[in-house]
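Undergrad: This is the structure, below, for whatever I ask next.
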Amino acid sequence: MKAATLTPALLALGALSFSVVAVSTRAGTRFASGRYVATRIEGTRFPKTLVSGSIEKTIPRRPMRIASLTVTADEILTAIVEPDRIAAVTHFADDPSVDAAAGRAPRLAARVAGLNPERLLSLEPDLVFVAHYTLDDAVRVLSSATIPVVRLSETRSFTEVDANVRLVAAAVGEEERGEALLARMHRELDSVQNRVAGLPRPRVLYYSPVGYTSGSGTLVDEKIALAGGRNATQNAKIVGYTNVSLDILVGLDPEVILVPRFSADAETPVREVMESVVFRDVSAVKHRRVYSLAASELTSESPDGTAGVEHVARLLHPEAFAP
């Protein structure tokens, strides 16, 4: 594929400025669950067939110029693929507050913001990864330019992390490395679970300063449980990642509050909650158990997310990690 082969449809897409939007708890972005279906890969050896809805594309050989348009793919690819095969990553790839794999992306890989068709084609990728929420129109246009596109699945549990790692590994021909990565992930999760087993489970609230929280059916909910806590939103039967009024959150009386941060400043998010008139009577504030973590630790949808599980476990149960 050459960068010069811009199709009329691709030019039209550029004119309309379609973009791939990253999930941001700071911005309060929410995506409908299950709107799109993840790509399915047929075949165990190249050539392989990608099936994404009604679109089928062939990967003729092991991809050597791979582009990622989603943070999750950034994290998985940099863990299982040789650096010289990664042609592009998201512009979040060097930001540790958003990308749990910050520092691993190849220095020479392009940093791409959104979906810029001309920019993407200039990199001559032979495979592109997009998020579960990427617009179908965008995927169709990329496919019309003969670029095989892999859509990841929505990630609401570590079972779905498994599925995405296997999907990425199959697409790039690194199944063995993918399985090794998953084996390490499960060892790390088991280690944390063993440490906190049998300990009291405090009520934990994930609270984004714009009023969002994670209820049941989210990866954050599972991370809290694995770390030895109990999601405080269970009492209000909150489902998914959603905006909830402050009076409801305060009424949950969490014993611990976890605040995601999107910068190196870990003190301000904690201070804002601790000094808030709204939260002053909440148990977590009274007992000074409000903690700020890099958003990537809480929201990472790859095996890198195990570091966040351990961090939360250490905050909830420091005695379980004492020397």
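The values are calculated or read from the model by the stated rules, or taken from the named source; none is laboratory data. All figures in this text were calculated on a predicted structure; none of them were measured in a lab. All Cβ positions, even for glycine, are placed from backbone atoms using ideal geometry, and neighbour counts span all protein chains on display.
Undergrad: Select from region 269-288 the residues that are crowded, with 19+ Cβ neighbours inside 10 Å and not aliphatic (A, V, I, L, M) and write down the one among them that is farthest from Arg230 (Cα to Cα).
TA: Among those residues, the one meeting the criterion is Pro269.
Undergrad: Sort out which residues of region 51-96 are charged (D, E, K, R) and surrounded by fewer than 24 Cβ atoms within 10 Å (Cβ to Cβ), and write them in order of number.
TA: Those that are charged (D, E, K, R) and surrounded by fewer than 24 Cβ atoms within 10 Å (Cβ to Cβ): Glu56, Lys57, Arg61, Arg62, Arg65, Glu82, Asp84, Arg85, Asp94, Asp95.
Undergrad: Would you say Ile76 is at pLDDT 95 or above, over 23 Å from Gly53 (Cβ atoms) and aliphatic (A, V, I, L, M)?
TA: no
Undergrad: Taking strands (runs of 3 or more DSSP E) that do not extend beyond region 195-275, which have at least 1 residues that are touching a helix residue (DSSP H, G or I) at 6+ places or on another chain (Cβ under 9 Å) and not hydroxyl-bearing (Ser, Thr, Tyr)?
TA: In region 195-275, 203-206, 256-261 are the strands (runs of 3 or more DSSP E) which contain 1 or more residues that are touching a helix residue (DSSP H, G or I) at 6+ places or on another chain (Cβ under 9 Å) and not hydroxyl-bearing (Ser, Thr, Tyr).
Undergrad: For region 97-122, which residues satisfy the criterion of being of a type in the set (A, V, I, L, M), surrounded by fewer than 16 Cβ atoms within 10 Å (Cβ to Cβ) and more than 24 Å from Ser153 (Cβ to Cβ)?
TA: Hit for region 97-122 is Leu108, nothing else.
Undergrad: Looking at region 129-162 only, could you name the residues that are modelled with pLDDT under 95 and farther than 15 Å from Val37 by Cα?
TA: Once the filter is applied, which keeps residues that are modelled with pLDDT under 95 and farther than 15 Å from Val37 by Cα, region 129-162 yields Val141, Leu142, Ser143, Ser144, Ala145, Thr146, Ile147, Pro148.
Undergrad: Taking the conditions exactly as written (crowded, with 21+ Cβ neighbours inside 10 Å, in contact with a strand residue (DSSP E or B) (Cβ under 7 Å, 6 or more places away or on another chain), at pLDDT 95 or above and under 20 Å from Ala313 (Cβ atoms)), does Ala227 satisfy them or not?
TA: So Ala227 fails the test.
Undergrad: Please note which strands (runs of 3 or more DSSP E) are completely contained in region 34-103 and include at least 2 residues that are over 18 Å from Ala170 (Cα atoms), among the β-branched types (Val, Ile, Thr) and touching a strand residue (DSSP E or B) at 6+ places or on another chain (Cβ under 8 Å).
TA: 86-90
Undergrad: Which residues, counting only those in region 180-200, are in contact (Cβ under 8 Å) with a residue 60 or more places away in the chain and among the charged types (D, E, K, R)?
TA: Arg184, Glu188, Arg195, listed by residue number.
Undergrad: Now for a different question. Which is free of Cβ contacts under 8 Å to residues at least 40 places away in the same chain and either within 20 Å of Gly43 (Cβ to Cβ) or hydrophobic (A, V, I, L, M, F, W, C) (or both), of Ala100, Ala105, Ala73?
TA: Every option except Ala105 fails the conditions.
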